[in-house]
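The values are calculated or read from the model by the stated rules, or taken from the named source; none is laboratory data. Predicted model only: the values in this text are computed from it and were never measured. Note that we place each Cβ from the backbone using ideal geometry, even for glycine, and neighbour counts take in every protein chain shown.
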Amino acid sequence: MKKMEIELNKIKPNPYKKFINGGKLQQEQIDKLKESIKHGTLPDIFYTNKEYELCYGHHRLEALKQTGIKVVKIEIKDYSDEQMLIDLVRENLTQRFNEFREELDGVLLAKNYLEEHLRPSGGRSPHTRPDQEIGAREIAKFLSKDGKTICKSKVAELLKIQEKLSPKILEKVTKLKGTENQKDKEKVSIKQAEALSTIEDKKEQEDLLDAMTESREQLGWKQKELIGKYKKAPEEIKKKVRKKEIDLADVKNYSLNSGEIKHSELDKFKGLFINFGNALINFDLKFLEKINEIQNEHLQRSIQIVLQKQFLPVLNKLYKSKGKIVFEIQ
């Protein structure tokens, strides 16, 4: 271990940096660091290997360059290639202002490194067994050396988004700032990405993203809940949401309760009629929509609907959580 001062232009990037967002740096992040430097907050010391390759802190180093500082302090350590990779990726996962792409690329870099070192020709990593699939647990363990823990759930979230999300959507995922609007069709929040990655069909994901973008509900965590409701809704409702005939924010009014009722149960009543006010209404999607429409108009009082006895068990399952609808037997 050796400490010394060195000219900035002699410090080289971490050899793994090129695999993180193509080696690109975020100018917005650099600008924030430059402001801190102007107010007297200077990075203490940088860590390199014997070749003066930077372990981590590339944005801080670039911020110093852009403010005109020529010389910095470094501490030279005998870093292995593995440690150079671990420290770089760990910084990407723990820094507040890093972009989603940097975090994802870091996790994939660690995953690829572990897979490479499982091959007989490359030796075997001490972090895994020869027959072990590389998942979130193994990656988190690999990155959590020296007592600096990386959350397994964060790694799992990134891997799921990368594996399940439509490539067209994946390239738009970013960390939206508090003031940014999720109605921007060129940006997808991480909450939106998490929700959409639970949908198997990629085209369905893309249609749903349009519905999310135009919905009156724009809070990411609420949209995530609504996608859960969407998955429980009848197929005809899902189609209407994707076509934007029904706002995603209203899908909770049509979703089935926790899988307690199957579509086959509804199918038994097709072609039958219900006495709804003064009219006979066919038991179909329009009837279900009409119930919700009337319920929304009369939130302060109960609604009585007269129906034949055989409808009661099914409709009570559908609407037992509503509280404002009372079914009576004809």
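Contact annotation: residue pairs with Cβ atoms under 9 Å, 6 or more positions apart or on different chains, pairing a residue in the range 179-195 that is within 21 Å of L104 (Cα to Cα) with a partner that is modelled with pLDDT under 65, are K187/E180; K187/N181; V188/Q182; S189/E180; S189/Q182; K191/Q182; Q192/Q182. In summary, helices (runs of 4 or more DSSP H) completely within the range 1-118 and bearing 3 or more residues that are among the hydrophobic types (A, V, I, L, M, F, W, C) and at pLDDT 90 or above occur at 58-66, 81-94, 100-116.
Here is the figure for the range 199-238: residues that are part of a helix (DSSP H, G or I), more than 17 Å from the chain's Cα centre (by Cα) and in contact (Cβ under 8 Å) with a residue 40 or more places away in the chain total 2.
Among the residues making up the range 147-171, those that are over 19 Å from L93 (Cα atoms) and without any contact (Cβ under 8 Å) to a residue 40 or more places away in the chain are K164, P167, K168.
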